[in-house]
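The values are calculated or read from the model by the stated rules, or taken from the named source; none is laboratory data. Bear in mind the structure is a predicted one, so any value in this text is a computation, not a measurement. Please note: Cβ atoms are built from the backbone with ideal geometry, for glycine as well, and neighbour counts cover all protein chains shown. These area figures cover heavy atoms from the full protein model, side chains too; ligands, DNA and RNA do not enter into them. Shrake-Rupley method; radii C 1.70, N 1.55, O 1.52, S 1.80 Å.
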Amino acid sequence: TSLKPLSFCIQNNNNTVTDMNILDTIGATPLVRVNRVLTPAAKENNARILIKLEMQNPGGSIKDRIAKSMIETAEKDGSLQPGMTVVEYTSGNTGIGLAMICAAKGYKCIIIMPQMPSFEERYIVCRMFGADVHLTAPAKGMPGMKVYTEELIAKNAGSYFLANQFYNEANPRIHYETTGVEIWEQSGECVDYFVTGVGTGGTATGVGKYLVEKNPNCKVVCVEPTESRVHLGESHSPHTILGIGAGIPTNFLTNLAPDQPYEEGPRGHVSEFLSATSDESIEWATKLANTEGIMVGPSSGATFKVAMDLAARPEAKGKTIVVIAASHGIRYTAHPLWKTAKAEAVKALPKPPNTSKDCDTLLWDSSAASKA
């Protein structure tokens, strides 16, 4: 197998050993089967549902893969030199991946994201990795971040390097070379459906291409927020599924069929574009945590909801469906995903705490509180 061994060192061809660094741990994430969370229709159809646990990358998301790929590709071609500053505009996870890798390699880093409360964890994590963070006006959306970033790069030409995840071919290429290979091997070379959210479109482009080459009958399904189905030509409206649905068609998916309008139906090797609402993404992310012990973010809740829709189809009987879990749910405590648990925690953990030695020993029982 081409998968990395579970080891703290790398065995070289000449039998010498090199200790691993943090960047060597990116990739080779587990692919696990789930059962308890499945809908009755999925169980009746005997669908095999596998989840690729990308939150087990060291930076906590699938974006570690492209961050490393973009940086190391730029180092090799000379566009990123020692002393330069790495810059990117992002909804967060790519920023965290870049901030981590820049910290490990010694680059300065500037991450640009919208000034929204739900980005609190992303801001904090990027800062902990030593990156600077520039926050832009939320109402100006992704186009506003892009314009600001381009102006920043122009003012610092030669000293700033733009990672450019939405257009950098190192993004889909690393998914073709690693993520797709891992999924194919870990699944036992059996993938009938591949389900992924649409952020940059890099995962669907790279992994999808690899899997369809291995199995021409594999269906690649892209997931957008129901509120922002722009790849079907529909309008964008606000939603809470962080990481997907930026409101503009992605470069990589557009280029699968450049002359084709945005409409229902296949696009290149992508079979179809399906969707989940903001509420559905929270519902399914919560179910995965409660019934499978798999804590994921809202975009993974959305992709799993779509996987359940697919698993209920008659033609999916006995088929293998692989779903990308892009990031860990603990990264979203400022998101509505955690609203109920946080509201309970406020009551359970009062400030200041009860420090009386004369009080009852048991001060809170969450099971009793949840029944109230």
task = Could you pull the Cα extents of segment 133-189 along its three principal axes, largest to smallest, in whole Å?
result = 49, 30, 18
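Summing -39500 (n - 2.57) over the DSSP H runs of n ≥ 4 in the chain and dividing by its residue number, what mean residue ellipticity at 222 nm do you reach, to the nearest 500 deg cm²/dmol? Please list the in-between numbers first.
Values: 13 runs with 131 residues, N = 372.
Calculated mean residue ellipticity at 222 nm is -10500 deg cm²/dmol.
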message = Less than 20 Å from a label point 7 Å out along the Cα-to-Cβ axis of I124: which backbone N atoms in segment 295-310 qualify, by residue?
response = 295-299
ask   = Which value, in Å² and to the nearest 10, is the accessible area of H269 when all protein chains are kept and the probe is 1.4 Å?
value = 40 Å²
request  = With a probe of 1.4 Å, find how much accessible area the chain has per residue, and write the answer as a whole number in Å².
outcome  = 47 Å²
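Could you please state how large a percent of the accessible area of segment 144-295 is carbon and sulfur, counting protein chains only and using a 1.4 Å probe? Working shown, then result.
Working: 3140 of 6200 Å².
Answer for segment 144-295 is 51 percent, counting heavy atoms of protein chains only.
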ask   = What number, in percent, do you get for the relative contact order of the chain if the mean sequence gap of Cα pairs under 8 Å and at least 6 apart is divided by its residue count?
value = 18 percent
inquiry  = Springs between alpha-carbon pairs under 10 angstrom, Gaussian network model over the chain: which of T94, T240, T361 fluctuates most?
reply    = T361
note = Bounding extents of segment 44-197 in its principal axis frame from Cα atoms, largest first in Å, are 57, 37, 26
request  = Return the single residue from T254, T277, T18 with maximal mean-square fluctuation; model: Gaussian network over the chain, springs between Cα atoms under 10 Å.
outcome  = T18
request  = Rank these residues by their accessible area, most exposed first, probe 1.4 Å: S366, S228.
outcome  = S366, S228
ask   = Listed here are the pairs K43/K219; K52/K342; K43/K339; which of them are more than 24 Å apart at the Cα?
value = K52/K342; K43/K339
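Sorted by accessible area (1.4 Å probe), largest first, how do I110, I248 line up?
These residues rank, largest area first, as I248, I110.
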task = Report the extension gain between T355 and N35 in nm, rounded to one decimal, defined as 0.36 nm multiplied by the number of residues separating them, less their alpha carbon distance.
result = 110.8 nm
query = Can you give the three extents of the C-alpha atoms in the chain along their principal axes, from longest to shortest, in whole Å?
reply = 68, 55, 52
query = Cα atoms only, segment 75-120: Rg and Dmax in Å?
reply = 11.8, 38
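Between beta-carbons, use under 14 Å as the cut-off and find the net charge around L232, counting Lys and Arg +1, Asp and Glu -1. Walk me through the intermediate numbers first.
Working: positive: R229, R267; negative: E224, E227, E234, E263, E264, E272.
Once all neighbours under 14 Å are counted, the net charge is -4.
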request  = Tell me the label-point distance for the pair K140, E272, using the 7 Å Cα-to-Cβ offset, in nm and rounded to one decimal.
outcome  = 4.0 nm
note = Candidates G197, G141, G92; GNM for the chain (alpha-carbon contacts under 10 Å) flags as most fluctuating G141
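Counting alpha carbon pairs within less than 8 Å and at least 6 residues apart, what relative contact order, in whole percent, applies to segment 293-350?
Working: 38 pairs, mean separation 25.3, N = 58.
Reported as a whole number, the value is 44 percent.
Computed FRET efficiency, Cβ-Cβ of N217 and S237, R0 30 Å: what is it to the nearest 0.05?
On the way: r = 35 Å, r/R0 = 1.17.
Efficiency computed from Cβ-Cβ geometry: 0.30.
Loop sites only, by DSSP: take the GluC sites (Glu not before Pro) in the chain that have at most 12 other C-beta atoms within 10 Å and name the longest stretch containing none of them.
Working: sites that count: E189, E263, E264.
My reading of the result: 1-188 is the longest stretch.
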